[in-house]
1. Among the numbered criteria (1) part of a strand (DSSP E or B); (2) within 21 Å of residue 304 (Cα to Cα), which single criterion is violated by residue 265?
2. Name the residue that is surrounded by the most Cβ atoms within 10 Å (Cβ to Cβ), counting only residues in segment 192-222 that are closer than 17 Å to residue 331 by Cβ and out of contact with any strand residue (DSSP E or B) (no Cβ under 6 Å at 6 or more places or on another chain).
3. Just one of 203, 214, 235 is free of Cβ contacts under 8 Å to residues at least 60 places away in the same chain and over 13 Å from the mean Cα position of the chain (by Cα); which is it?
4. With under 16 Å from residue 22 (Cα atoms) and under 34 Å from the mean Cα position of the chain (by Cα) as the only criterion, which of 143, 154, 176, 166 stands out?
5. Go through segment 577-605 and report how many residues are free of Cβ contacts under 8 Å to residues at least 24 places away in the same chain and part of a helix (DSSP H, G or I).
6. Based on this model, can you work out whether residue 525 counts as in contact with a helix residue (DSSP H, G or I) (Cβ under 9 Å, 6 or more places away or on another chain), part of a helix (DSSP H, G or I) and either at pLDDT below 90 or surrounded by fewer than 16 Cβ atoms within 10 Å (Cβ to Cβ) (or both)?
């Protein structure tokens, strides 16, 4: 007798369930995606015990007809595709025809549904893959599906579930990701009777972000709107102030499907590389629209991973979308622990601790500007703002808190209409005007210095400038490093020579592998400014280096760049070159603890003022910080 048999349908369904249904969040993902495909604009999810004991998803979509209800629970039953060719242009969320069959195979399912053209709906009960009951029922248009006793017949999978709070966390994260890509749908999540997520569904992505992450994040966003021949990219990215140590605040969507992809995350990291310090990850929400034929979403049963037919083009599109936004919308940072920032942090959390004295704006103080030959452009957006009383401010604050709560809960205050989260966001921005000290996001970047004068240098490292009602602190190394990097990058892009001939050649000994790589990539290194030739066994002589400085160790600099490029392997040359230019700029820049005279400082500021991004060094450290007079008054308790 042969060893090979055909599995029975029940066993096959359980195996399929293992591929698609890992935990309660997997069930909810499949059901919510079906609701989206059904055209719902309101989707409510309820879970108990992390979704292990109960999951209920209710939508107002198109519903199922009586003829479709039973067949919907069969394997490979789908309304989304008809033949294999359709897989090349998938536009729906679900298409495998495995979800309902897989869920019903390992749980107890009750579904009630009605289409608009019918006066009554239909109810079906399925347990362990077996249909128990089908009958007519009265219900609203749409679908309600309840899943209970998850994994009751697969104890091996049940024992791998984590504690209730952890499983609930997976669901919150998953539903949040979907909600952020569908701002036109109102999502609600109730966990053990408590509402933990509610988005407005007004079609405005920033309103949804506000509902999910709060005002502190919403105030620090920059809008992305980019299009080329490959992709159309929209969304929001965050400033450095809201960067995180992990990627939990990054959501990437391909044709409105949440995905994870190393090519895209690499493009994000590269675009932010000169704006953020290492090991920090920016806030990113991007919806990338591509030709469906150029992306394969059928790579993994969970549909979380995708493959591109043109990865390098996708990389470039995402890089330019983000980098272009950063270049045009970045601003000077305020001191991270300043009283103003603490105030905003408390305000975002609903703090009621406020001074009983009037808040005074910067315009209250007379100008401290004196005539000087060293006068630089500095945006003084607060100079014409009036001061407001504490009573006026509290009125605005109370209105903000009320509207924010209504936006999140979806319930209006008694006797009033519901407000949208966007109105709350707008009011939050208006509130900043009342405080007379906005955050960075309200400072235009069209000009950098305006009427500020040099007042000194501290610790032979930091340059101080004084404006009308604010001070600016510059890290001379970070600022000069940015200048050097931009000059190197521009020259590299235009194939201009970067090299300076050395007075005498410098011999450099290499290992056999380093020598072979250096000789094979000599043209690439020459474009970076290193000119050398072979000099005996495993040695080269360096004749020119990029922008040579007397204190730079030529051999050490080249070996550092060589190591980096070798580690990059087959990576895109433009990215490797950019990283190499960071290092060269760092080695060439003015060092800390170097005394500068006024002419040197002036030259530094003149060059910095011409850059598109003068705010950080190439490694993401701040080059300029702003300290308003108001903040100093708070520090010294002149204002309580």
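1. Only one criterion is unmet by residue 265, namely (1).
2. The first filter runs over segment 192-222 and keeps only residues closer than 17 Å to residue 331 by Cβ, leaving 216-222.
After this cut, where a residue has to be out of contact with any strand residue (DSSP E or B) (no Cβ under 6 Å at 6 or more places or on another chain) as well, the list is 216-219.
Details: 216: 16, 217: 19, 218: 26, 219: 22.
The extreme case among them is 218.
3. On the way: 214 fails: free of Cβ contacts under 8 Å to residues at least 60 places away in the same chain; 235 fails: over 13 Å from the mean Cα position of the chain (by Cα).
When all the criteria are applied, what remains is 203.
4. Values: 143 fails: under 16 Å from residue 22 (Cα atoms); 154 fails: under 34 Å from the mean Cα position of the chain (by Cα); 176 fails: under 16 Å from residue 22 (Cα atoms).
Every option except 166 fails the conditions.
5. Narrowing segment 577-605 to residues free of Cβ contacts under 8 Å to residues at least 24 places away in the same chain: 597, 599-600, 603.
Among the residues that remain, those that are also part of a helix (DSSP H, G or I) are: 599-600, 603.
Summing the residues that are free of Cβ contacts under 8 Å to residues at least 24 places away in the same chain and part of a helix (DSSP H, G or I) in segment 577-605 gives 3.
6. Details: in contact with a helix residue (DSSP H, G or I) (Cβ under 9 Å, 6 or more places away or on another chain): yes; part of a helix (DSSP H, G or I): yes; either at pLDDT below 90 or surrounded by fewer than 16 Cβ atoms within 10 Å (Cβ to Cβ) (or both): no.
Here the answer is no, as residue 525 does not meet what is asked.
Table: residues versus (1) under 25 Å from residue 99 (Cα atoms); (2) touching a helix residue (DSSP H, G or I) at 6+ places or on another chain (Cβ under 8 Å); (3) at pLDDT 90 or above; (4) not assigned by TED's automatic domain parsing to the domain that holds residue 174.
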position	(1), (2), (3), (4)
249	no, yes, yes, yes
268	no, yes, yes, yes
279	no, no, no, yes
286	no, yes, yes, yes
293	yes, yes, no, yes
298	yes, yes, no, yes
303	yes, no, no, yes
306	yes, no, no, yes
312	no, no, no, yes
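Results for (1) assigned by TED's automatic domain parsing to the domain that holds residue 574; (2) assigned to a strand (DSSP E or B), shown as yes or no for each residue.
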{"position": "485", "(1), (2)": "no, no"}
{"position": "489", "(1), (2)": "no, no"}
{"position": "507", "(1), (2)": "yes, yes"}
{"position": "513", "(1), (2)": "yes, no"}
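The values are calculated or read from the model by the stated rules, or taken from the named source; none is laboratory data. Quick caveat: nothing in here was measured; it's all calculated off a predicted structure. Glycine gets a Cβ as well: all are built from the backbone with ideal geometry, and neighbour counts include every protein chain shown.
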